[in-house]
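One structure is given here, and the rest of the page talks about it.
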Amino acid sequence: MSSRLQFRLDALASGSRARAATFKTLHNEVKTPLFMPVGTQATVKAQLTQSLEDAGSQILLANTYHLLLRPGAEVFRQLGDIHRFMSWERSVLTDSGGFQIFSLPHARSMSEEGAVFQSYLDGQTILLSPEVSIETQKAIGSDIMMVLDQCIPSTAPESVAKEAMEITHRWARRSLEARGESPQSMFGIVQGALFESLRKESASCLGEMPFDGFAIGGLAVGEGKEARESVCEFTASLLPADRPRYLMGVGTPLDILEAVHRGVDMFDCIIPTQVAQRGGAFTSRGFLQLRRGIYKFSNEALDPECPCPTCRRYNRAYLHHLTKTKETLGWQLLGQHNIYFYHSLMREIRASILEDRFLRLYAEKRVFLQEDDLDNPVVTPKVKRKKSPPQKLGEYEVHIAMEGFASIRHVSSGEIMHSRTAPMEEARALYVEQSFLGERLAARLFSGEVRPPLVVWDVGLGAAANAMAAIESYESEARKGEVRPMRIVSFENDLNSLELAFRNSDKFLYLRHSGPAWILKQGEWVSREFPGLSWRLVKGDFVKELKRVEERPEVIFYDMFSSKTCVDQWSHALFRDLFQACGSGASELFTYTCSTASRVAMLAAGFFVAKGRNAGEKQETTIAFTPEARLGEFTERYDCLGAEWLKRWRRSAAKMPSDFTLEQRLELESKIEGHLQFEEP
């Protein structure tokens with residue numbers, strides 16, 4: 001199969017799989033091995049394109065997901081392409097957006113069609129399919145396009161890894177079809193997590209497709225260094241010798257050296273600019289952290305052996321000062337140096353391969369690239385070990401997700417609170433943002449009258465993520481200006497989940513706040529900084545307690561365990577009582593479920609029901625609101641269930657609760673059919 005890149009292998013290193021090659025893109029000739037600075041949103045953070053050219057950057061990486069959202073594909077179509085847009089005359093590689101979907105802070109869901117996600121700009125639901133990804137990349141005008149793949153944690157079980165690999169293969173074929181006759185090159189992405197059999201299958205399947213290069217995906221997402229290097233070497237050995245090999249998202253200078261030794265040609269990572277923002281610099285004297293006080297009076301160049309503009313002009317004392325004062329210039333100068341360092345290392349590696357002395361260089365660099373400042377060694381103080389907090393309390397235990405965040409698991413049912421998204425991220429996206437809590441708080445006046453306090457019922461306190469997200473929102477809005485008072489009423493029958501999370505606050509950082517401590521100790525908290533903010537606990541069975549609470553809720557966060565675990569709390573009777581508790585006022589309920597049974601129970605209780613934003617593996621959640629809220633300022637933004645849903649419900653074999661009598665079923669069916677929501681306009 002011919003390649004659009006005209007790939008040529010220039011040399012192979014003796015005793016190693018390291019190789020040097022040359023290929024041509026639509027904009028320039030590229031020498032490998034090479035490092036590609038990451039310009040996610042058509043900019044490498046804090047760097048000018050001229051600086052990147054001077055440093056020797058051959059290809060920049062941009063991201064389809066971010067550029068699709070802003071500025072949008074149409075901007076590139078009208079202005080020409082990304083090269084004109086960002087004034088960059090060399091090559092651009094665009095990632096498809098698969099990894100960004102995997103690591104989204106807000107909920108997302110995957111299907112055969114593609115990835116459904118919520119825009120972080122305006123909350124709009126967007127489908128990123130292989131066709132949309134490639135059409136966007138064609139509009140961007142990148143030299144190398146990546147297929148859309150399904151990224152998962154590298155430590156995922158084999159069954160999960162196999163499913164993600166197979167859908168990646170199907171998406172790869174669709175991506176090739178979507179490219180059509182475009183002269184842009186395209187890389188396939190080999191997946192398979194840490195399983196050699198899957199990696200072999202993936203490489204074989206993709207190798208039969210006419211890709212111009214191949215990427216090793218699914219690494220640097222959870223595995224250890226040894227496992228990453230082993231899988232990288234095995235996978236690289238399976239890839240065609242006449243195509244570029246690209247290890248995605250890796251890494252440190254040492255990571256790159258190790259991967260070159262294992263046969264990889266191309267790399268990208270945010271590390272050079274990311275560590276620069278934190279005061280870090282890679283130098284010929286080891287890794288320097290410019291925040292250290294030892295550099296306060298240092299008149300030395302950052303790196304005496306580096307010819308970059310930063311090292312030629314500025315001393316360590318000034319860079320230390322910029323770092324300590326968090327001046328953007330410090331980030332820019334250190335980032336400029338780090339990119340120079342990376343490119344210099346790649347040129348040095350290439351030269352050693354061409355001269356067949358790579359193994360000697362590898363041995364020297366492998367030791368050196370692990371070192372901190374050789375002239376001013378870091379001394380780590382001895383720290384007394386603290387007693388580890390408990391990992392289990394009553395019916396609950398701390399659960400560490402594959403994505404790395406902590407949540408709470410209910411042992412007997414196996415249900416995990418926030419299983420696919422970090423607790424606060426899901427709480428913000430699904431409850432706080434979707435309920436427009438910030439807008440409700442800021443809207444102190446309505447029709448010229450002062451609004452009453454905003455009452456939030458937090459049903460299913462759990463580890464308090466939803467309540468803390470609401471408190472976070474209030475504090476943020478209150479710092480901007482005058483807001484309505486807010487009272488949170490949390491319902492919970494077992495505080496062990498909160499107690500356990502509170503004791504492990506190193507894993508649940510959002511609990512490092514005065515509120516949770518007072519709730520656990522006194523059952524009530526009033527903010528000292530913001531007196532209009534209060535929070536109280538109602539302990540006991542929600543089914544019984546909701547009738548005793550006099551404060552009518554304007555917003556309800558309904559986050560109980562599923563109906564499999566808590567049958568009564570998802571019943572028609574419960575939602576009927578909850579509807580009555582809302583009284584004659586406007587109330588809106590937000591919950592993670594999208595089950596037909598729950599929606600039917602809400603409709604039959606008198607609520608209007610709408611589709612909520614996606615969360616985790618669910619493409620929809622649910623919003624319910626009282627008739628009085630129909631003319632509210634937010635409900636007009638909701639996507640209410642309509643005639644199509646009603647038709648599907650009529651055909652459903654499980655459209656009623658299984659424990660209902662025939663008489664109850666007929667009555668409930670009559671309520672749904674006669675609901676005002678489904679009346680013809």
Worksheet item: Cβ-Cβ below 8 Å, separation at least six or inter-chain, first residue in region 146-160 and closer than 23 Å to residue 129 by Cα, second of a type in the set (D, E, K, R): which pairs?
Response: 146/95; 153/403; 154/223; 154/228
Worksheet, complete the sentence: Scanning region 623-636 residue by residue, those assigned to a helix (DSSP H, G or I) and in contact (Cβ under 8 Å) with a residue 40 or more places away in the chain turn out to be 627, 628, 629, 635
Item to complete: Name every residue in region 221-278 that is free of Cβ contacts under 8 Å to residues at least 40 places away in the same chain, within 25 Å of residue 25 (Cα to Cα) and outside any helix (DSSP H, G or I), in order of residue number.
Response: 240, 245, 247, 250, 251
Response to the item:
Going through (1) part of a strand (DSSP E or B); (2) in contact with a Leu (Cβ under 7 Å, 6 or more places away or on another chain); (3) more than 20 Å from residue 531 (Cβ to Cβ) one by one, residue 457 fails only at (2)
Worksheet entry | Unique match (being among the charged types (D, E, K, R) and under 25 Å from the mean Cα position of the chain (by Cα)) among 291, 228, 262 | 228
Worksheet item: Inside region 372-391, can you point out the residues that are at pLDDT 85 or above and more than 33 Å from the chain's Cα centre (by Cα)?
Response: 373, 374, 375, 376, 377
Response to the item:
Those residues of region 1-58 which are among the hydroxyl-bearing types (Ser, Thr, Tyr) and over 15 Å from residue 344 (Cα atoms) amount to 2, 3, 14, 16, 22, 25, 40, 43, 49
Worksheet item: Before we move on, is residue 624 modelled with pLDDT of 85 or more and on the phi < 0 side of the Ramachandran plot?
Response: yes
Worksheet, complete the sentence: Taking region 146-164 and keeping residues of a type outside the set (Asp, Glu) and assigned to a helix (DSSP H, G or I) leaves 159, 160, 161, 162, 164
Practice prompt. List the helices (runs of 4 or more DSSP H) that sit entirely inside region 525-621 and contain at least 1 residues that are of a type in the set (S, T, N, Q), surrounded by 16 or more Cβ atoms within 10 Å (Cβ to Cβ) and over 34 Å from the mean Cα position of the chain (by Cα).
Written response: none
Practice prompt. Can you tell me which residue among 348, 355, 364 is within 26 Å of residue 58 (Cβ to Cβ) and in contact (Cβ under 8 Å) with a residue 12 or more places away in the chain?
Written response: 348
Worksheet entry | Qualifying positions in region 357-380 - under 23 Å from residue 19 (Cα atoms) and surrounded by 14 or more Cβ atoms within 10 Å (Cβ to Cβ) | 358, 359, 361, 362, 365, 368, 369
Worksheet, complete the sentence: Subset of region 573-620, residues polar (S, T, N, Q) and touching a Ser or Thr at 6+ places or on another chain (Cβ under 9 Å), comes to 584, 587, 591, 593, 595, 596, 598, 614, 619
Item to complete: May I ask you to verify whether residue 189 is surrounded by 18 or more Cβ atoms within 10 Å (Cβ to Cβ) and either modelled with pLDDT under 95 or outside any helix (DSSP H, G or I) (or both)?
Response: yes
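Yes/no matrix, rows are residues, columns are (1) assigned to a helix (DSSP H, G or I); (2) surrounded by fewer than 22 Cβ atoms within 10 Å (Cβ to Cβ):
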{"position": "305", "(1), (2)": "no, yes"}
{"position": "311", "(1), (2)": "yes, no"}
{"position": "322", "(1), (2)": "yes, yes"}
{"position": "343", "(1), (2)": "yes, yes"}
{"position": "349", "(1), (2)": "yes, no"}
Item to complete: Name the helices (runs of 4 or more DSSP H) wholly inside region 1-94 in which the number of residues that are over 30 Å from residue 326 (Cβ atoms) and β-branched (Val, Ile, Thr) is 1 or more.
Response: 64-69, 73-79, 82-86
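The values are calculated or read from the model by the stated rules, or taken from the named source; none is laboratory data. Everything numeric here is computed off the predicted structure, so don't read it as measured data. We place every Cβ from the backbone using ideal geometry, glycine too, and count neighbours over all the protein chains shown.
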